[in-house]
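Asks: Structure incoming, see below.
The values are calculated or read from the model by the stated rules, or taken from the named source; none is laboratory data. Not measured: the values here are computed from a predicted model. Cβ placement follows ideal geometry from the backbone for every residue including glycine, while neighbour counts extend to all protein chains displayed.
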Number of protein chains: 2
Amino acid sequence: MSKKASANFPEIVLIGAGNLATHLGKCLYGKGFKIAQVYSKTQNSANILAKALKAEPITSFTSIKKDSDYYFICLKDDVINESVSKIPVVKGIVIHTSGSVSMGLLSEKFEHCGVLYPIQTFNKKIKKISFKHIPLCTEASNEYSLNSILQLANTLSDDVRLINSKQRQVIHLAAVFACNFSNHLFAIAADLLKKEEIDFSILYPLIVQTIEKVKSNTPLEVQTGPAVRSDLKTIEKHMELLQNEINYQEIYRVITGNILNSHQK
Amino acid sequence: MSKKASANFPEIVLIGAGNLATHLGKCLYGKGFKIAQVYSKTQNSANILAKALKAEPITSFTSIKKDSDYYFICLKDDVINESVSKIPVVKGIVIHTSGSVSMGLLSEKFEHCGVLYPIQTFNKKIKKISFKHIPLCTEASNEYSLNSILQLANTLSDDVRLINSKQRQVIHLAAVFACNFSNHLFAIAADLLKKEEIDFSILYPLIVQTIEKVKSNTPLEVQTGPAVRSDLKTIEKHMELLQNEINYQEIYRVITGNILNSHQK
């Protein structure tokens, strides 16, 4: 941490004003950090979040002040690369928050840099998210940066882990399978039910129990359903029921095939 | 209900001694129902459950007593068909508990019959499951059977629904997508993480949040991840990370393709 900040809480520039920037910014602000600026390419988004954090809204990378302690990049993965090239060279620690972007992207340009990737899904619609139990994956370009990032991360969460770029990318990939893809399967289930005028909520107790089971056993151990029983008759019936839903049929076929495979080993 | 039983609690024969038979039998027994017999093709299974329910263990269909009030068929879907042909013709109400088997299989043989399908995943390892909040899907061959089944079902659960065979089959299919397939995705995530020496529990807070979100919004609305953002760079990186896991790569490709499709509409 710079000398200027050590007397008080460090100063932060937030680059991004989306879902993660909003929740992270509010949490840091709540912990006493000073948020100096909020960058967004759209004036309205910058204004809204900056107002909530008593910060200066900016919409140009060249307006970024160079003497802050931390610069948090909270942008979508597909624009980080381009944006990093536009951020001025600064003395503070530049941190990105992405699961899939390597730290190398930052260390090529900034001496002090690192990663703070929260394993969570964020949505502005949700009023408040506590970071206390969210695993934070950190790494850094040097010991000074690492110590500073760890100190900050520990004020946010009880579960801060040192995770290298390769591991982080696998965690992100695993999260896509476990959460983004599961959510899509829920959407398919909801769509199938809707066509029979049944609300998706009928599956809530089953979904809750599915989650409970993997908390005390490995998911492999508690697999249920026709595929793990090699119940080919039921599988055939399901494929028939899906004859007008070729996309769903394809997903059913591929996952069922993989369950059959992985339980025959 | 037969006259014999109306003075007391009705009498039940359990056909099956597996996960569902165990939980359903214990729940019915706990509510005061008399369990007359427990059938299993293996003597040991019949003995264990019969002992817990103070019932007679039997291993032959011809030993099934003909004057009970209810006969609950709790067998795997792929053996129900063959087993029904072996059950003696009885006067009581014959009920199967399967999500995917049509009621017609029973009504061809038994005057009084119906279905009671609990939307839940059962496992003997779990000590006790309360049926109170489990949705029970019921239908019956005639009014007498329906009233009897509803009366029994209402003693078990607060969420009893009249659901026809077609609807029930779609609910079962939807449950396979939402739960059996999700669990398999959890298993894939766990496997990917294990190879990086990271425990699957790192994803618990994210999984819990994923479930929380679909309780207050439709799954379609709260979809996150690279596919819904059309973030092709990240998708490409993930496909590269999976280059030695062709089965996982296939699942990734198919689900991602379907998310891209369903959010471009």
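Asks: Quick check: anything in region B:230-237 within 7 Å of chain A (Cβ to nearest Cβ), at pLDDT 95 or above and either within 31 Å of the chain's Cα centre (by Cα) or crowded, with 20+ Cβ neighbours inside 10 Å (or both)?
Replies: There is no residue in region B:230-237 that is within 7 Å of chain A (Cβ to nearest Cβ), at pLDDT 95 or above and either within 31 Å of the chain's Cα centre (by Cα) or crowded, with 20+ Cβ neighbours inside 10 Å (or both).
Asks: Which numbered condition trips up B:Ile95, out of (1) crowded, with 22+ Cβ neighbours inside 10 Å; (2) touching a strand residue (DSSP E or B) at 6+ places or on another chain (Cβ under 6 Å); (3) farther than 19 Å from B:Ile119 by Cβ?
Replies: Every condition holds for B:Ile95 apart from (3).
Residue-wise test of (1) among the small types (Gly, Ala, Ser); (2) more than 8 Å from chain B (Cβ to nearest Cβ); (3) within 26 Å of the chain's Cα centre (by Cα); (4) farther than 24 Å from B:Ile235 by Cβ.
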{"residue": "A:Gln151", "(1), (2), (3), (4)": "no, yes, yes, yes"}
{"residue": "A:Ile171", "(1), (2), (3), (4)": "no, no, yes, no"}
{"residue": "A:Ala189", "(1), (2), (3), (4)": "yes, no, yes, no"}
{"residue": "A:Leu193", "(1), (2), (3), (4)": "no, no, no, yes"}
{"residue": "A:Phe200", "(1), (2), (3), (4)": "no, no, yes, yes"}
{"residue": "A:Lys213", "(1), (2), (3), (4)": "no, no, yes, yes"}
{"residue": "A:Glu221", "(1), (2), (3), (4)": "no, yes, no, yes"}
{"residue": "A:Ile246", "(1), (2), (3), (4)": "no, yes, no, no"}
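Asks: Go through (1) of a type outside the set (Val, Ile, Thr); (2) surrounded by fewer than 22 Cβ atoms within 10 Å (Cβ to Cβ); (3) closer than 30 Å to B:Gln120 by Cα and name the single condition B:Glu240 misses.
Replies: (3)
Asks: Within region A:248-265, can you find the residues that are more than 7 Å from chain B (Cβ to nearest Cβ) and not small (Gly, Ala, Ser)?
Replies: A:Tyr248, A:Gln249, A:Tyr252, A:Arg253, A:Thr256, A:Leu260, A:His263, A:Gln264, A:Lys265
Asks: Would you mind stating whether A:Ile80 is under 22 Å from A:Leu173 (Cβ atoms), at pLDDT below 95, touching a strand residue (DSSP E or B) at 6+ places or on another chain (Cβ under 9 Å) and assigned by TED's automatic domain parsing to the domain that holds A:Leu14?
Replies: Numbers: under 22 Å from A:Leu173 (Cβ atoms): yes; at pLDDT below 95: yes; touching a strand residue (DSSP E or B) at 6+ places or on another chain (Cβ under 9 Å): yes; assigned by TED's automatic domain parsing to the domain that holds A:Leu14: yes.
Yes; evaluated as a whole, the condition is true for this residue.
Asks: Note down all Cβ pairs under 9 Å where the first residue falls in region B:166-178 and is surrounded by fewer than 24 Cβ atoms within 10 Å (Cβ to Cβ), the second is among the polar types (S, T, N, Q), and they're at least six residues apart or on different chains.
Replies: Sorted first by the residue in region B:166-178, then by its partner, the pairs are B:Lys166/B:Ser102; B:Gln169/B:Ser100; B:Gln169/B:Ser102; B:His172/A:Thr234; B:His172/B:Ser98; B:His172/B:Ser100.
Asks: Of the residues A:Ile259, A:Ile202, which is at pLDDT 95 or above, assigned by TED's automatic domain parsing to the domain that holds A:Ser182 and touching a His at 6+ places or on another chain (Cβ under 9 Å)? Please lay out each step first, then the result.
Replies: On the way: A:Ile202 fails: touching a His at 6+ places or on another chain (Cβ under 9 Å).
One residue alone meets the criteria, A:Ile259.
Asks: Let me ask another. Just to check your reading of the model, which residue among B:Tyr117, B:Tyr144, B:Tyr39, B:Tyr71 is away from chain A (no Cβ under 14 Å), crowded, with 22+ Cβ neighbours inside 10 Å, within 30 Å of A:Ile198 (Cβ to Cβ) and hydroxyl-bearing (Ser, Thr, Tyr)? Quick ask: steps written out before the conclusion?
Replies: Working: B:Tyr117 fails: away from chain A (no Cβ under 14 Å); B:Tyr144 fails: crowded, with 22+ Cβ neighbours inside 10 Å; B:Tyr39 fails: within 30 Å of A:Ile198 (Cβ to Cβ).
The unique qualifying residue is B:Tyr71.
Asks: May I pose another question? Can you spot a residue in region A:118-134 that is assigned by TED's automatic domain parsing to the domain that holds A:Leu24, at pLDDT 95 or above and farther than 30 Å from B:Glu221 by Cβ?
Replies: The answer is no, given that none of the residues of region A:118-134 is assigned by TED's automatic domain parsing to the domain that holds A:Leu24, at pLDDT 95 or above and farther than 30 Å from B:Glu221 by Cβ.
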